[in-house]
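Heads up: the structure comes next, in structure tokens.
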Amino acid sequence: MEKGKGLVDLCIEAATACSENVDIWRRQRRTLERLPFQLANDLFRRLHRRRLLSPSILEIFQFSVNEVDLRGESCVDAEWMVYLSAFRYLHSLNIADCKNVNNFALWHLSGHSSLNELDLSRCSKITDAGIKHLLSIATLEKLCVSETGLTADGVLSLSSFVNLRVLDLGGIPVTDTALSSLQALTQLEHLDLWGSEISNVGAATFEKFPMLSILNIAWTKVTRMPILSIACLNMSNCTIHSIVDGDNTATATLSKLIVTGAAFIDADQVFPILQLGCLKFLDISCSNIGSFNFLVNLRNLEHLNLRYSQITDGLMEQVASAGEKLRYLNLSNTKITSHALSVLVGCVPNLENISLSHTLVDDTSLAYISMTSSLRLVDLSHTRIRGFVYSGRENSDKMLSLSALQNLSNLRSLNLEDTKVMDEALQPLSLLTELECLYLKSDFLTEISLHAIPSLQKLRFLGFRGAVLTDYGLLSYRPPPLLCVFDLRGCWLLSVKAISSFCKKYQQVQVRHAHVNNPFEDEIVSYGSSASSITTKVPLPRPRRVKSSNTSFVDERVKYSTEELLQLENSTGFSCMLKDLDLLPEILRKK
């Protein structure tokens, strides 16, 4: 049995391998109708990822599937909706970004008796007329119609959905009057109104929603909030006079506050009066806040985003004061230096994720970083890291700075993209045996680095972008057994033939390169990376389709002379190069 897969997974894999296999079992209608929901949903999702769904296939799932996610599929239109509306037990339907879904397509959902969740986000052809077709769905509890053709008049009709708990009207021109008409939605827990036309007058309506817990009013004209006991508030890109206008005890329940890009009239007056003892998540990135003294009172803070903020080395003590329970800290695109990290030493014992991308930190910061043993993700991309420091009275002793990271036994993700590290400096990475994601991008690197880290057997994502990697170097590389994604974009010396051979030999690895076409990128897996977690898609094992040599890409060979390129092509014995850096061809030793 294939490692890591159960019998059910293998059966579904075989059943959805190709259209011929589907034709064999699709005739067993009675058996399919009796499939448990979970199994039927898994089979449906696999068919979707393999591009094997069609209206005729939909028909066989009408009694067994209760969750459908077809977001972004341009093939979904009125014909598809006819079959989807016949799903008797359907409770969740996501057709966001389906550009061919129009008002007529929604007519087929009229009167559905079990639908609880419907996502129509960014279906631009849906207007007020289409929403009227949905008014007969009494069971609806979640409705997302952001960035559709809905108008303020259409919003008035939404008051009929008295059981709604989640309503997303982002990007819809909701007016104060239209918002007031929704007071009948007393069960509402989550309301999204970003980019609407509401003002402080309309904001008073929020008090009419007794169950409201999550509120998004980013990009609106609201400057003052009424007294609300909510858990999450988003006022990004608003001009803020006051987060709570009145009794400050109302903010005692606030656990998540997002004010990205907000303009505070007087931040020193806004935050000190708030009771934020329960606040765990704070995003003040890109805002104009210049004083961070209020952080002293945030003893339960776990997530702090200061990206593009005015934080400096001199203000890091305020950050450190809130660091006892801090797990995520984003300092990217700020003016901090390595000294700022020395202030954090011993103050952030639970920190797991730190982003220092696009800052002035250098190799001296690694010693301070290594003292926080709880770290799982470190982003040092676009920094001054070189991989070594000099010691001694005359700076004559050269020490590999990355060796300090071996103290981070919990480290799972390391980003060194666009730094000045070279092959020699990466040798200590072989000690990071628990590493799962490694991001490298530099034209200073060669295949020596690639072959120098074979001990990283737990790698699932390896980025080796822009490096000087030859066909021989790639074909002689043996990837770790768990590797899912191998990012080789920008490795311009690689040929179509070499990449094709590698893909055929290691079909479980998704190779990213200009020569490779990955038509199926599914099963989303989150890998930590730069400023925040980056979602990377991991493919199912399948043959790769290699593009023809006519595919257009930037040929960086123009930077080198004919003699230099021939020297690269004719260079052999890379196994010897790993032992002696001086054996490298001259062109590979260029700095």
Being within 19 Å of GLU324 (Cβ to Cβ) and part of a helix (DSSP H, G or I) is the filter here, so list the residues in the range 258-283 that pass it.
none
Just to be sure I understand, how many residues within the range 339-367 are of a type in the set (D, E, K, R) and within 20 Å of ARG327 (Cα to Cα)?
1
Name the single residue, out of those in the range 304-355 being in contact (Cβ under 8 Å) with a residue 40 or more places away in the chain and within 16 Å of THR383 (Cα to Cα), that is surrounded by the fewest Cβ atoms within 10 Å (Cβ to Cβ).
ASN333
Residues of the range 67-99 being among the hydrophobic types (A, V, I, L, M, F, W, C) and surrounded by fewer than 18 Cβ atoms within 10 Å (Cβ to Cβ), which ones?
CYS75, ALA78, VAL82, ALA86
At pLDDT 95 or above and assigned to a strand (DSSP E or B) - does that describe any residue in the range 381-396?
no
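Please determine whether any residue of the range 7-18 is in a strand (DSSP E or B) and under 30 Å from the mean Cα position of the chain (by Cα). First the steps, then the outcome.
Going residue by residue through the range 7-18, those that are in a strand (DSSP E or B) are none.
Within the range 7-18, none of the residues are in a strand (DSSP E or B) and under 30 Å from the mean Cα position of the chain (by Cα).
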May I ask you to list the residues in the range 161-177 that are open to solvent by less than 40 Å² (accessible area, probe 1.4 Å) and either of a type in the set (Val, Ile, Thr) or in contact (Cβ under 8 Å) with a residue 60 or more places away in the chain (or both)?
VAL166, ILE172, VAL174
Considering every residue within the range 394-405, establish whether at least one is crowded, with 18+ Cβ neighbours inside 10 Å, in the same structural domain as LEU462 (by TED's automatic domain parsing) and not aliphatic (A, V, I, L, M).
yes
Condition first: surrounded by 17 or more Cβ atoms within 10 Å (Cβ to Cβ) and within 17 Å of LEU228 (Cβ to Cβ). Now tell me which residues in the range 178-193 satisfy that.
LEU179, LEU182, LEU185, LEU188, GLU189, HIS190, LEU191, ASP192, LEU193
Going through the range 154-198 in order, the residues found to be over 22 Å from SER110 (Cβ atoms) and assigned to a strand (DSSP E or B) are HIS190, LEU191, ASP192
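The values are calculated or read from the model by the stated rules, or taken from the named source; none is laboratory data. Only a predicted model underlies this, so the values are computations on that prediction, with no experimental measurement involved. Quick reminder, even Gly has a Cβ in these numbers, built from the backbone with ideal geometry, and neighbours come from all protein chains shown. Quick note on the areas: whole protein, heavy atoms, side chains included, nothing else; ligands and nucleic acids left out. Shrake-Rupley method; radii C 1.70, N 1.55, O 1.52, S 1.80 Å.
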